[in-house]
1. Within 9 Å, Cβ to Cβ, of ARG77, how many net charges do the neighbouring residues add up to if Lys/Arg are +1 and Asp/Glu are -1?
2. Specify which labelled value, from [x] 2.29; [y] 1.19; [z] 1.37, agrees with Cα Rg over 2.2 N^0.38 Å derived from the coordinates of the model shown.
3. Pull up all non-local amide H partners of ARG77: gap of 5 or more, or a different chain, and H-to-H distance under 5 Å with H placed in the peptide plane.
4. Just going by the charge dipole of the chain, with Lys and Arg at +1 and Asp and Glu at -1 on Cβ, which of SER65, MET93, PRO52 is farthest out on the positive end?
5. Quick one: compute the contact order of segment 3-108, relative version, from alpha carbon pairs under 8 angstrom and 6+ residues apart, as a percent.
6. May I have the count of lysine pairs in the chain with C-alpha atoms under 12 Å apart, counting pairs 8 or more residues apart or located on different chains?
7. Evaluate the charge dipole of the chain about its Cα centre and quote only its size in Debye, nearest 20, assuming +1 on the Cβ of each Lys and Arg and -1 on the Cβ of each Asp and Glu.
8. Rounded, prolate or oblate for segment 1-59? Axes are the square roots of the Cα gyration tensor eigenvalues, ordered a ≥ b ≥ c, and the cut-off for rounded is a/c under 1.5.
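Derivation of every value follows stated rules applied to the coordinates shown; laboratory data play no part. Just so we're clear, the structure is a prediction, and the values are computed from it rather than from any experiment. Note: ideal-geometry Cβ built from the backbone for every residue, glycine included; neighbour counts use all protein chains shown.
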Amino acid sequence: MDLDAWKTQLRKGAAELAVLSLLAEGEKYGIEMLDAFRARPEIGIADSTIYPLLNRMEKEGRLKSRWAPDLGAGPPRKYYQLTKDGVRALAAMRPIWSAFQAQLNELVEE
């Protein structure tokens, strides 16, 4: 069995929920989100995956972004936040995730 392939598929399925949940805390820029995910390495969201995901979610209307200057005089930062559609998507996904997690845990922990 290829556990790496299995982990990759597991992470892909949860990535959007992870981003929506993180942005529910408030507006964040890309590196800030990556730092939050690096602190949780099993989620497996890296810079090679987060930016395409953010772009797709923005095109689908779940996120919106804005550019703002870096107060430390660095390059401008692109900040992301949830749209109303993103808030609704997160609200719909959370109970599905909770039920999935609970039922899977019942099976796995037997």
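1. -1
2. [y]
3. ALA68, ASP70
4. Among SER65, MET93, PRO52, the one farthest towards the positive end of the dipole of the chain is SER65.
5. 28 percent
6. Pairs that pass both the separation and distance tests number 4.
7. 580 debye
8. Prolate, because a/c is 1.5 or more and a/b exceeds b/c.
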